[in-house]
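Following this message is one structure expressed as structure tokens.
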Amino acid sequence: MESRKDAVKAATQQQFDICVVGGGATGTGCALDSQLRGMRTLLLDAGDFASAASSASTKLVHGGVRYLEQAVKSFNLEEYRMVKSALHERRYMLANAPHLAHPSHFLVPVYSWSKALYYLVGMKMYDAVAGKSNLFPSSFLSREETLRRMPGLKAEGLRGAVAYSDGQFDDARYDLAVVTTFAEAGGTALNYARVLAFERYPDGKLSAANVRDAVSGAEFVARARKFVNATGTGADKVRMLANPQLDSRMRPSKGVHLLFPTDTFPGNDALLVPHTEDGRVIFAVPWQERLLVGTTDDEVTPATRMIVQKDEAEYLLRQLNPYLKTPLHREQAVSGLAGLRPLVAAQGETATSKLIRDHEVELDKVSGLISILGGKWTTHRLMAQDTIDAVQRELGQPPSPSPTRQQLLAGAEGFDANFATKLEKEYALPADVARHLSGKFGTRALKVLQLLNENTEWRSRATAGVPVIQAELVYSIRFEMAETIEDLLARRTGVQMYGWREALAVTPTAGKFLAREKSWNSAQEAVAVEEYTAKIRGFLNELGLSQGVGT
Ligand SMILES: Cc1cc2nc3c(=O)[nH]c(=O)nc-3n(C[C@H](O)[C@H](O)[C@H](O)COP(=O)(O)OP(=O)(O)OC[C@H]3O[C@@H](n4cnc5c(N)ncnc54)[C@H](O)[C@@H]3O)c2cc1C
């Protein structure tokens, strides 16, 4: 990716065809599609890329078995179509970045024969809806096979499990891979660049955006022929900046996850808890050497805080523990995530869990703003395709074919299943480090490792117990626009997901690398370290967890 300085210069000086506002899954998808169709594109995000919902997901590339059940029970054709198109998108998402996304087996444990039949028929329907895009056929597993694959399940009364397939991915790194691919195709991407207002032509159509660069504090004007609003839960604000007469459309809902050490529930398969007290499902999935448990679905109110709260943690454990041989406790959690789903309101619908996760492209005739609302990570490519088709129509051109179905993302070129083993051998790396580098950077791991020619000490782990090496910190600052300690530890290297305490341990090192690469003075470094430390301590305190590694 070009340096942030060059990106600011381009954003300020060039006239773009399209300016995409929002650098989550939806916005990065739109930017890539637009740039690959030959339009000069600018991508702006108010914070870091993927810093909102797009790094807080359950990390599933899926159609949604629960949505299929809802569609069948309520004869909802719209929801059925949404599941079907998500299942097709699943295939492209896995194929375009195999280092970041892979098929997994999900087990639904059953404690009665009637439930076994119900879930098996349901999963066979899920296979059938996927058609050619199906990953593996679903099947019934005996009690013995189920316990062999999931030894942590409660055995008492267990009849077996229904196994089905879906995808899993690394959401934050997937977003960054899309941004990198976009930038390498000639696009300009800029994080920490908030759109504050729009300028207009005499006919009322948008001509430019006033943008605040949070890194320098400066404001600039970004000019484009069309503006795309892909700001997730921020969509209403941007819509109203463009046209104050518009009504609000968004109905955000909060979802949280907790992460536990994998030995608390060993095995390689994901668990689907088929029924919660509020009629949903939750997942416990092995992810990045941890067990990811989630999620909740709560309407956003003025009191909502973007942090995992005790009652939310207790809720998750209350749903999961009846299925476990040894119950999990809140105190065993090592990290967590909180995010807001950008759901679109539906008339007469009360619960956010019932809202359909479909997307909608909205054209505001007054300002010409095109907003892409709703959707989910799995359908981000299709959402982008629909949006850029609408943009081209608005520009008076017939939509050209979207090139993103078979567009390999950065790190996927030359990647294969043996890549981690090759890294391990050629660079004499510990197996866990090679696996981590391969899984986060794909073949771009070679570029990370090239930095060792500059300083061999960057081979060292960022802190004991995590497979992250120091060279990754340098790489992410130089080539991935990491501007803060959180950018480095939460989204670029994933240290924060290995554990909040591990993140605290790496904070001083991350601060030092940022200070050196960005020529910060010691006061700037101290503020960065203090801010991030306070944030992570806040997360630990909220759940009543101890502060030190191994305490
Ligand atoms: C708890 C949870 C679990 C989920 N699980 C899954 C799952 O397993 N699978 C799946 O497919 N989907 C899942 N989703 C849904 C998925 O994560 C979201 O649909 C998707 O990430 C939304 O992406 P987005 O780009 O629309 O929004 P966001 O990721 O929220 O991005 C919007 C961006 O716009 C920026 N922005 C806002 N205002 C401005 C402005 N004025 N100027 C510039 N930038 C601005 C923000 O900084 C932000 O980065 C889940 C969501 C949640 C919350």
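Can you tell me which of (1) farther than 21 Å from ALA235 by Cα; (2) surrounded by fewer than 24 Cβ atoms within 10 Å (Cβ to Cβ); (3) at pLDDT 95 or above is the one ALA11 doesn't meet?
(2)
Would you check which residues across region 193-234 are near the ligand (Cβ under 9 Å from one of its atoms) and in a loop (DSSP other than H, G, I, E, B) and list them?
Once the filter is applied, which keeps residues that are near the ligand (Cβ under 9 Å from one of its atoms) and in a loop (DSSP other than H, G, I, E, B), region 193-234 yields ALA230, THR231.
What pairs come out if I take residues in region 287-299 that are near the ligand (Cβ under 10 Å from one of its atoms) and pair them with residues that are at pLDDT below 95 and part of a loop (DSSP other than H, G, I, E, B) whose C-beta lies under 7 Å away, six or more apart or interchain?
ASP297/ARG280
I'd like to know if region 215-228 contains one or more residues that are in contact (Cβ under 8 Å) with a residue 60 or more places away in the chain, aromatic (Phe, Trp, Tyr) and either within 30 Å of TYR111 (Cβ to Cβ) or in contact with a His (Cβ under 6 Å, 6 or more places away or on another chain) (or both).
No: zero hits.
Could you please find all residues in region 339-352 being surrounded by fewer than 21 Cβ atoms within 10 Å (Cβ to Cβ) and at pLDDT below 95?
VAL344, ALA345, ALA346, GLN347, GLY348, GLU349, THR350, ALA351, THR352
Among what's in region 36-82 and is within 7 Å of the ligand (Cβ to nearest atom) and hydroxyl-bearing (Ser, Thr, Tyr), pick the residue that is nearest to VAL215 (Cα to Cα).
Across region 36-82, the extreme among qualifying residues is SER51.
Then there is this: In region 424-443, how many residues are surrounded by fewer than 22 Cβ atoms within 10 Å (Cβ to Cβ) and in a helix (DSSP H, G or I)? Break it down stepwise before answering.
If we filter region 424-443 for residues that are surrounded by fewer than 22 Cβ atoms within 10 Å (Cβ to Cβ), which is where we start, we get 424-433, 435, 439, 443.
When the remaining residues are screened for being in a helix (DSSP H, G or I), the result is 424-426, 431-433, 435, 439, 443.
Number of matching residues: 9.
Can SER85 be described as more than 15 Å from the ligand (Cβ to nearest atom), among the hydroxyl-bearing types (Ser, Thr, Tyr) and surrounded by fewer than 24 Cβ atoms within 10 Å (Cβ to Cβ)?
No, not satisfied.
In region 91-134, how many residues are touching an Asp or Glu at 6+ places or on another chain (Cβ under 7 Å), within 30 Å of ALA172 (Cα to Cα) and either in a helix (DSSP H, G or I) or modelled with pLDDT under 95 (or both)? Lay out the reasoning, then the answer.
Pass one, region 91-134, residues touching an Asp or Glu at 6+ places or on another chain (Cβ under 7 Å): 100, 104-107, 122, 134.
Subsequent filtering for residues that are within 30 Å of ALA172 (Cα to Cα) retains 100, 104-107, 134.
Those left that are additionally either in a helix (DSSP H, G or I) or modelled with pLDDT under 95 (or both): 134.
Residues that pass the stated criteria total 1.
With aliphatic (A, V, I, L, M), farther than 18 Å from ALA50 by Cβ and crowded, with 23+ Cβ neighbours inside 10 Å as the only criterion, which of ALA490, ALA471 stands out? Give the derivation first.
Details: ALA490 fails: farther than 18 Å from ALA50 by Cβ.
Criteria check complete, one pass: ALA471.
The values are calculated or read from the model by the stated rules, or taken from the named source; none is laboratory data. These numbers were taken from a predicted model, which means no experiment stands behind them. Because the Cβ atoms are built from the backbone with ideal geometry, glycine has one as well, and the counts that use them run over all protein chains shown.
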